[in-house]
Amino acid sequence: MLTRIILLSFLVLTLALPQAARAQQAQPKRSFIRDAEVESTIRTFTTPLFQAAGLAPDSIRLHLLVDNSLNAFVAGGLNMFIHTGLLIRAESPSQLIGVLAHETGHIAGGHLARMQDAAGNAGTEALVGMLLGAAVGAATGRADAGAAIALGSQEVAMRNFLTYTRGEESSADQAAVKYLDATGQSAKGLAEFFEILGDQELLVTTRQDAYMRTHPLTRDRISFMRDHVAKSQYSAAAPRPEWIEMQRRMRGKLFAFIEPPYRTFLRYKETDTSLEARYARAIAAYRKPDMAAALPMIDALLAERPDDPYFWELKGQMLFENGRGGEALAPYRKAVDLLPDNPLMRIQLAQVQIEQEDPALLAEAQKHLSLAVHQESDNRTAWRLLAIAFGRDGNEGMAAYAMAEQTLIEGKLADASYHAGKAERLLPKTGEVWLRIQDIKERAAQAKDEVKQRRR
């Protein structure tokens with residue numbers, strides 16, 4: 001459900017300078033997104049790399065940034081940011097995986113420690129804090145609760161902060177090919193990516209892709225990559241066929257959701273009968289909107305792939321967003337049945353159930369949301385919906401508890417304390433929820449004290 005998960009448009013916080021404010025107005029807004037299929041595809045590609053690097057895959061948080069530029073970077077701990085421009089423009093799984101292996105090298109190489117030192121500057125620290133805050137806002141689902149991050153003079157500061165040294169770039173390259181070899185994958189994709197960047201060296205800085213500006217490319221790095229490809233026993237290894245399809249589907253889906261429908265129809269013409277082309281055209285038709293064309297398209301895909309959870313999810317989204325919520329329940333339930341461990345799927349189904357205003361659906365919605373927050377405890381959308389579901393079901397104590405969790409995530413400390421206190425009065429004084437309420441009260445109090453200390 002990508003369009004409904006474009007959660008946070010943001011502008012980079014500008015310095016208190018008039019010219020920065022004017023520059024901000026001229027800059028386009030950007031968004032973070034969440035999508036079950038895209039995230040699953042990237043996780044599939046990165047998990048072997050993280051394991052080869054000795055990193056716990058679940059410890060790395062992936063953030064998808066809607067930006068047409070070719071870029072990816074790591075910042076603020078174990079956080080990897082990936083631009084949709086990179087996902088759409090990568091021509092093969094190998095190119096994308098090569099870049100992700102390089103970014104994994106930055107994490108495993110401890111290059112973030114240098115950034116942490118650089119963040120001793122209060123301005124840069126604030127930039128990274130708000131970058132992560134915006135990503136968390138997107139990941140957790142409330143655009144109005146996210147902080148604004150901005151272009152203008154601070155864009156330069158952020159770019160400089162995220163610029164790696166030549167030594168770190170070379171180190172990350174060496175780590176990348178090590179991980180690719182360890183997982184039996186070719187480094188040709190990363191070499192091809194370097195060739196693409198190399199073609200941009202003569203362009204003026206403003207026309208270069210962001211990756212070129214934040215990851216300085218040298219002839220030595222290109223030579224190293226060519227030499228490795230010439231010597232590695234895995235250079236002829238082809239990507240897995242299923243990974244090729246996953247990457248093509250991801251490209252088509254992102255393009256169709258981000259670009260205007262007419263551009264999708266131009267890129268994926270009727271004569272293109274590939275799965276990703278038909279998928280993209282179905283999305284474009286639904287966004288046009290032309291449900292008379294869109295529904296037969298998705299039904300044709302489902303006839304071909306009846307066990308594809310993402311096709312069922314898309315059908316549910318089409319129906320729900322066109323005022324047919326009752327009809328959307330079955331496709332969403334099917335998607336959850338096929339992909340029961342995905343919290344985003346459960347949150348989407350629960351939202352549809354709640355918005356039907358049918359008391360008989362509340363218990364199932366509560367079940368889906370409880371499972372979702374167990375997996376994503378910082379998902380404020382899930383907590384907000386859970387509070388609504390409990391409230392409509394007459395369970396004021398649990399509704400207050402869910403609101404305490406939501407407001408704590410949003411940094412609304414006074415509200416978190418209030419709701420936690422209300423939940424404490426209404427719920428039994430035993431069990432996991434009661435202990436969590438005490439933790440919320442304590443964390444809110446500690447955060448208030450920290451704010452007071454900083455203000456002194």
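Table for the structure above
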quantity	calculated
Prolate/oblate/rounded label for segment 282-348 (Cα gyration tensor, a/c 1.5)	oblate
FRET efficiency, Lys231 to Glu91 (Cβ-Cβ, R0 25 Å, nearest 0.05)	0.55
Estimated inter-spin distance, Gln356 and Ser170, nm [label 7 Å along Cα→Cβ]	6.3 nm
Where labels lie 7 Å past Cα in the beta-carbon direction, separation of Thr430 and Ala238 in nm	6.3 nm
Using a Förster distance of 56 Å, the FRET efficiency for Met291-Thr183 (Cβ separation, nearest 0.05)	0.85
Spin-label pair Asp337/Glu396, simplified geometry with 7 Å Cα→Cβ offset, distance in nm	3.9 nm
Full-stretch length increase - Asp449, Ala300 - with 0.36 nm per residue and alpha-carbon distance subtracted	47.8 nm
Gained length - Asp58 relative to His374, 0.36 nm times residue gap less alpha-carbon distance	112.3 nm
Extended-chain gain in nm, criterion 0.36 nm per residue less alpha-carbon gap, Asp307 and Arg219	26.9 nm
Environment charge of Gln247, counting only residues whose C-beta is closer than 12 Å and scoring Lys/Arg +1, Asp/Glu -1	+1
Amide H contacts of Phe32 (H built 1.01 Å from N, under 5 Å, at least 5 apart or other chain)	Leu7, Leu8, Val66
Of Lys367/Lys429; Lys288/Lys334; Lys334/Lys422; Lys253/Lys367; Lys334/Lys412, pairs whose Cα-Cα distance is over 28 Å	Lys334/Lys422; Lys253/Lys367; Lys334/Lys412
Net charge of neighbours whose Cβ lies under 10 Å from the Cβ of Phe81, counting Lys and Arg as +1 and Asp and Glu as -1	-1
Residue order, fewest to most beta carbons within 10 Å, for His374, His83	His374, His83
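Every number in this text was worked out from the coordinates using simple rules, so none of it is lab data. Just so we're clear, the structure is a prediction, and the values are computed from it rather than from any experiment. For neighbour counting, all protein chains shown are included, and Cβ atoms are generated from backbone atoms with ideal geometry for every residue, glycine included.
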